[in-house]
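Some notes on the structure that comes next.
The values are calculated or read from the model by the stated rules, or taken from the named source; none is laboratory data. Predicted model, so just to flag it, every value in this text is computed and none were measured. Heads up, the Cβs are rebuilt from the backbone with ideal geometry, glycines too, and the neighbour counts pull from every protein chain shown. Protein only, heavy atoms only, side chains kept; ligands, DNA and RNA dropped before computing areas. Shrake-Rupley method; radii C 1.70, N 1.55, O 1.52, S 1.80 Å.
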Amino acid sequence: QQFSSSTFEGTARNEAAIAAGSAVQSDAVETAFQNRQSGLFLEVDGTIARVLSDDTKPPRHQRFIVELDSGQTVLVAHNIDLADRIDAIEVGGAIRLYGEYEWNDKGGVLHWTHHDPKGLIDGGWIDYDGVRYR
């Protein structure tokens, strides 16, 4: 899935969600998926189920699938033009991340896993192998 630069600009809704510290548990992904919700900032824990090729069309994204404890999977699209690439990522690795969930019929996408380049909001992050990527 391709994202335009406008996808990554914080909206008032997103700014308020992050400012309020609205991290939600991983089961919120299942709820958001069932309800076809998008635009939710969620904190999730999971396991790397599959590492995909990078999306090299700007803005570039590192892509991988995370499996949640429930068994549901979600695509992570981590912007590597704004944050460091996670070179050590491996299938089976434990991961925690905070980003914006967007619904799709395959389980959804988590993106905005990086700092806000405009500095208006805290933005998202990924914790992997003892390192925080933002």
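Only one residue in SER26, SER4 is hydroxyl-bearing (Ser, Thr, Tyr), closer than 27 Å to ASP69 by Cβ and either modelled with pLDDT under 90 or loosely packed, with under 13 Cβ neighbours inside 10 Å (or both). Which one?
Checking each option against the conditions leaves just SER26.
Quick one: GLY107 ticks every box in (1) closer than 13 Å to GLU30 by Cα; (2) open to solvent by 10 Å² or more (accessible area, probe 1.4 Å); (3) touching a strand residue (DSSP E or B) at 6+ places or on another chain (Cβ under 7 Å) except a single one, so which number is it?
It fails just one condition, (2).
Please enumerate the residues belonging to region 110-119 that are on the phi > 0 side of the Ramachandran plot and surrounded by fewer than 21 Cβ atoms within 10 Å (Cβ to Cβ). Full working, then the answer.
Looking only at region 110-119, we keep the residues that are on the phi > 0 side of the Ramachandran plot, and these are 112, 119.
GLY119 - this is the single residue of region 110-119 that is on the phi > 0 side of the Ramachandran plot and surrounded by fewer than 21 Cβ atoms within 10 Å (Cβ to Cβ).
Of the numbered conditions (1) assigned to a strand (DSSP E or B); (2) open to solvent by 40 Å² or more (accessible area, probe 1.4 Å), ASP122 satisfies every one except a single condition; which is it?
All conditions are met except number (1).
Quickly run through region 56-104 and pick out the residues that are more than 22 Å from LYS118 (Cβ to Cβ), surrounded by 15 or more Cβ atoms within 10 Å (Cβ to Cβ) and not hydrophobic (A, V, I, L, M, F, W, C).
ARG63, GLU67, GLN72, THR73, GLY93, ARG96
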